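Notes follow the structure.
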Amino acid sequence: MATCALGGQAIDTAAALWSDAASPDIGALSTPAAAAALQHTLLRADAFLLALPASDPADLARHARISATYATPAGAPEKIIDGITRDLRADSGPWATDSTHAWESATLPATLALALPAPAALREIRLTFDSGFARELILTPSDFVSAKTLRGPQPETVRHYRLKTDGRAVAEETGNYLSKRIHPLAPAVAGSLARVRRS
């Protein structure tokens, strides 16, 4: 079921990207550049593509100086821009390591700050939270797996957070349970410092 869902997401995303293509021939659209555009679009939408870190050139966070009030030794704040949103045990395959790819706060409340090298027009802020990525979250007839499944919001997921740019509050969530949150900023906000405070 999970494989079918991811395949459907990829097919629907490709159809949306290529709906205005000059040729309806799918073979003509199967170029390395078109495949890369599809992959980057899927990664922006929080699809997980094995061995392919996100490297979107429009992602301003990749050029920011990252800091945090608190962090665990394994969850340094700089890891939020390594392009990988899932942790996989090294025995999962040649693409995996035992490394953490997320900021982990040692205590709460905590603040993550991204300082851009120069002011920029911020049009949206995208956040990816852990929502039980390390746990099997599938529907299955297996009693063994079902007994380990946590139903409902996952305990790792950040529930309350506030976003600020240059000291100005632009968004706040108090009952979050989603792994991917997108906060459009319309009109665009000019800023050079973004902060995420989690409680």
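Taking the criterion of being within 19 Å of SER179 (Cα to Cα) and open to solvent by less than 60 Å² (accessible area, probe 1.4 Å), the residues of the stretch 83-96 that qualify are GLY83, ILE84, THR85, ARG86, LEU88.
Just checking, how many residues over the stretch 68-82 are open to solvent by less than 70 Å² (accessible area, probe 1.4 Å) and either in contact (Cβ under 8 Å) with a residue 40 or more places away in the chain or touching a helix residue (DSSP H, G or I) at 6+ places or on another chain (Cβ under 8 Å) (or both)? Selection size over the stretch 68-82: 4. Being in contact with a Ser or Thr (Cβ under 9 Å, 6 or more places away or on another chain), touching a residue at least 60 places away in the same chain (Cβ under 8 Å), within 20 Å of THR69 (Cα to Cα) and open to solvent by 40 Å² or more (accessible area, probe 1.4 Å) is true of THR128. Scanning the stretch 141-159 for residues that are open to solvent by 60 Å² or more (accessible area, probe 1.4 Å) and of a type in the set (A, V, I, L, M, F, W, C), we see that the one that is farthest from the chain's Cα centre (by Cα) is PHE144. Residues in the stretch 107-143 that are of a type in the set (Ser, Thr, Tyr) and within 30 Å of LEU163 (Cα to Cα) were compared, and the one that is modelled with the lowest pLDDT is SER131. Considered as a group, the residues in the stretch 160-190 that are free of Cβ contacts under 8 Å to residues at least 24 places away in the same chain and either within 17 Å of the chain's Cα centre (by Cα) or in a strand (DSSP E or B) (or both) include one that is surrounded by the most Cβ atoms within 10 Å (Cβ to Cβ), and that residue is GLU173. When ALA47, ALA10 are checked against the criterion of being under 23 Å from LEU178 (Cα atoms), assigned to a helix (DSSP H, G or I) and touching a helix residue (DSSP H, G or I) at 6+ places or on another chain (Cβ under 7 Å), a single residue qualifies: ALA10. Here ILE138 clears all of (1) open to solvent by 50 Å² or more (accessible area, probe 1.4 Å); (2) of a type in the set (Val, Ile, Thr); (3) under 29 Å from ALA169 (Cα atoms) except the condition numbered (3).
I'd like to know if the stretch 96-106 contains one or more residues that are closer than 26 Å to TYR161 by Cβ and either assigned to a helix (DSSP H, G or I) or of a type in the set (D, E, K, R) (or both).
The answer is yes, given that some residue of the stretch 96-106 is closer than 26 Å to TYR161 by Cβ and either assigned to a helix (DSSP H, G or I) or of a type in the set (D, E, K, R) (or both).
Checking the conditions here, which among THR107, THR111 is exposed (fewer than 11 other Cβ atoms within 10 Å of the Cβ) and of a type in the set (S, T, N, Q)? Exactly one residue qualifies, and that residue is THR107.
The values are calculated or read from the model by the stated rules, or taken from the named source; none is laboratory data. Keep in mind it's a predicted model, so treat the numbers as computed, not measured. All Cβ positions, glycine included, derive from the backbone under ideal geometry; neighbour counts span all protein chains shown. SASA here: full protein model, heavy atoms, side chains in, ligands and nucleic acids out. Shrake-Rupley method; radii C 1.70, N 1.55, O 1.52, S 1.80 Å.
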